[in-house]
Amino acid sequence: MLRHGPRFLLSRASAASMGWRRQFATDLPAETAGDSKFVEAWKKVIPNIDPPKTPSAYMAPRPPTPSTIPSKLTVNLVLPYSSILSGKEVDMVIVPATTGHMGVLPGHVATIAELKPGILSVHEGNDVSKYFLSGGFAFVHANSVADIIAIEATPVDQIDPNLVQKGLAEFQQKLNSASTDVEKAEAQIGVDVHSALNAALTG
Amino acid sequence: MAMAALRREGRRIAAPLINPHPINPLRSSLASSDREHTLLGVRSISTQVVRNRMKSVRNIQKITKAMKMVAASKLRAIQTKAENSRGLWQPFTALLGDTPSVDVKKNVIVTISSDKGLCGGINSTSVKISRGLHKLNAGPEKECKYVILGEKAKAQLVRDSKKDIELAFTELQKNPLNYTQVAVLADDILKNVEYDALRIVFNKFQSVVAFVPTTSTVLSPEVVEREAEAGGKLGELDSYEIEGGETKSEVLQNLTEFQFSCVMFNAMLENACSEQGARMSAMDSSSRNAGDMLDRLTLTYNRTRQASITTELIEIISGASALEG
């Protein structure tokens, strides 16, 4: 029993040191054409200081548009707090655009869509995963990559129906008693989101 | 006669034993008075002075060690958030491209810095880069303004660019950073500042010892349309269908505002991580310096102590032998 002691301590210590090692980010130092123009202009005016890096240096370059329609759609779903899906290959996604639910298949025309609160469903083979989005943007690029940026996304089974009903009633009451435009707008947003949640749970 | 000879003898023995060249840390405080005494060989340096100095250096070492631990724990907390938020700005860069060399009339430089000091050189680096961008984008008919987040950059930029500062925000880190707060801040900035291009300057957190100064550019909707027509990176923007909203410009406006808040969120988190990391290394080197100084002071203290004991012994012995002889 005493022999397990040091092993436990060792694993704790190595876990702590592994934590520090994890911090090296895999940044790709690729310089694109726009950057070189900036770097040159910078060097002419401020020769003593190194030019700052720009975001494209930290991003993996996107795949070019293929000549034939690919079989799968690559989906990235990002939130401020985490990337829920990054680079996942799926068959279809249905996004809740302000003009209605829009289905995106591989080879979809390039689109910028504004999203309203609603359900995003991701179809892969026979699996369908549904997330409730709070609103954001969706970009579909010509190379069959779809980026969906939202503020909040929760899987539908984690939503509590009682709280939804309570929230809906509360915001409807606020809307009725709202006096200023700002209050009215806020209450309207609350009603919209909660009725969308309601529809999500029932639909 | 014999006494005078012995006294001279004592002085000659005593003088080389007492260190005629006190080491650097002592020079400042002990100054000339002790050196005179040592050279004359009358009395040695008081050990009390050295002991006081050692006590203060030891306290400093403890404080900087504690600050390093605090910074390490804060870094752990905020680092996961920063890494998770890295995916947020990538779709925007993929769509709108990265255009730091765009030529516009109204530039606004948003400098992100810390409120507290003792964090190494990251705030000075951000200010230097901001000044560099200002110089790069200065010219006839072009104007360049600053929006400052954090006390440290404000203190540095107020000295020479006071008239160019539009807005300054401080005390942003009182509550842990979350997206709602940043969205409100971004809204504030967008409402109060006229801009064609916003250049955000921050330190990207690469590792605990490496911080890379970075600048992200966010364009206003009009400039985006202009660049899309001109071709180049944004030229493909016209090929995108717009869903939602009534007109393309409305959607573009929402898009650029959203981009600004997302990029700001990531930038503030990265800068906060860099601040904690830089503070950790600064406090670490400070504790190490204090440790070195303490070692040197200990050696001096021991030498002083031994010298004073030796002097006393010599006095006693020469006095005793003077009495006998």
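Computed values, structure above
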| read-out | value |
| --- | --- |
| Residue list for the range A:61-96, restricted to those being at pLDDT below 85 and among the charged types (D, E, K, R) | A:ARG62 |
| Search result, residues across the range B:228-247 that are in a helix (DSSP H, G or I) and either among the small types (Gly, Ala, Ser) or away from chain A (no Cβ under 11 Å) (or both) | B:ALA228, B:GLU229, B:ALA230, B:GLY232, B:GLY235, B:SER239 |
| Any hit, the range B:152-165, residues being of a type in the set (Asp, Glu) and within 20 Å of B:ASP115 (Cβ to Cβ) | no |
| Candidates B:GLY150, B:GLY121, B:GLY117, filtered to the one that is away from every other protein chain (no Cβ under 14 Å), surrounded by fewer than 16 Cβ atoms within 10 Å (Cβ to Cβ), farther than 30 Å from A:VAL75 by Cα and touching a residue at least 24 places away in the same chain (Cβ under 8 Å) | B:GLY117 |
| Cross-chain or 6+ apart pairs with Cβ under 8 Å, the range B:182-204 first and touching a residue at least 24 places away in the same chain (Cβ under 8 Å) and closer than 18 Å to B:GLY150 by Cβ, then among the aliphatic types (A, V, I, L, M) and assigned to a loop (DSSP other than H, G, I, E, B) | B:LEU185/B:LEU172 |
| Matching residues, the range A:47-95, being of a type in the set (Ser, Thr, Tyr) and surrounded by fewer than 16 Cβ atoms within 10 Å (Cβ to Cβ) | A:THR65, A:SER67, A:THR68, A:SER71, A:SER86 |
| Within the range A:129-195, strands (runs of 3 or more DSSP E) holding 2 or more residues that are surrounded by 16 or more Cβ atoms within 10 Å (Cβ to Cβ), within 14 Å of chain B (Cβ to nearest Cβ) and touching a residue at least 40 places away in the same chain (Cβ under 8 Å) | A:145-150 |
| Residue within the range B:135-154 that is touching a helix residue (DSSP H, G or I) at 6+ places or on another chain (Cβ under 6 Å), farther than 30 Å from B:LEU237 by Cα and assigned to a loop (DSSP other than H, G, I, E, B) present | no |
| Condition check for A:THR98: surrounded by fewer than 19 Cβ atoms within 10 Å (Cβ to Cβ) and of a type outside the set (Phe, Trp, Tyr) | yes |
| Filtered residue count, the range A:103-114, keeping only those that are over 20 Å from A:SER195 (Cβ atoms) and either assigned to a strand (DSSP E or B) or within 9 Å of chain B (Cβ to nearest Cβ) (or both) | 7 |
| Residue in the range B:189-199 that is of a type in the set (Lys, Arg) and surrounded by 18 or more Cβ atoms within 10 Å (Cβ to Cβ) present | yes |
| Subset of the range A:67-100 (residues that are hydroxyl-bearing (Ser, Thr, Tyr) and either in contact (Cβ under 8 Å) with a residue 40 or more places away in the chain or assigned to a loop (DSSP other than H, G, I, E, B) (or both)) | A:SER67, A:THR68, A:SER71, A:THR74, A:TYR81, A:SER82, A:THR98, A:THR99 |
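Yes or no, residue by residue, for (1) under 26 Å from the mean Cα position of the chain (by Cα); (2) under 26 Å from B:PHE169 (Cα atoms); (3) basic (Lys, Arg):
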residue	(1), (2), (3)
B:ILE60	yes, no, no
B:LEU88	no, yes, no
B:ASP98	no, no, no
B:ILE112	yes, yes, no
B:GLY117	yes, yes, no
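Rundown of residues vs (1) assigned to a helix (DSSP H, G or I); (2) within 30 Å of B:SER220 (Cα to Cα); (3) modelled with pLDDT of 90 or more, yes/no style:
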| position | (1), (2), (3) |
| --- | --- |
| B:GLN48 | yes, no, yes |
| B:LYS62 | yes, no, yes |
| B:LYS65 | yes, no, yes |
| B:LYS68 | yes, no, yes |
| B:PHE92 | yes, yes, no |
| B:SER101 | no, yes, no |
| B:VAL104 | no, yes, no |
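So that you can scan it fast, the table gives a plain yes or no per residue for (1) out of contact with any Ser or Thr (no Cβ under 7 Å at 6 or more places or on another chain); (2) assigned to a strand (DSSP E or B); (3) within 10 Å of another protein chain (Cβ to nearest Cβ); (4) crowded, with 22+ Cβ neighbours inside 10 Å:
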{"position": "B:THR217", "(1), (2), (3), (4)": "no, yes, yes, yes"}
{"position": "B:SER249", "(1), (2), (3), (4)": "yes, no, no, no"}
{"position": "B:ASN254", "(1), (2), (3), (4)": "yes, no, yes, no"}
{"position": "B:CYS262", "(1), (2), (3), (4)": "yes, no, yes, yes"}
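The values are calculated or read from the model by the stated rules, or taken from the named source; none is laboratory data. Computed from a predicted structure; not experimentally measured. Neighbour counts run over all protein chains shown; Cβ positions are idealised from the backbone, glycine included.
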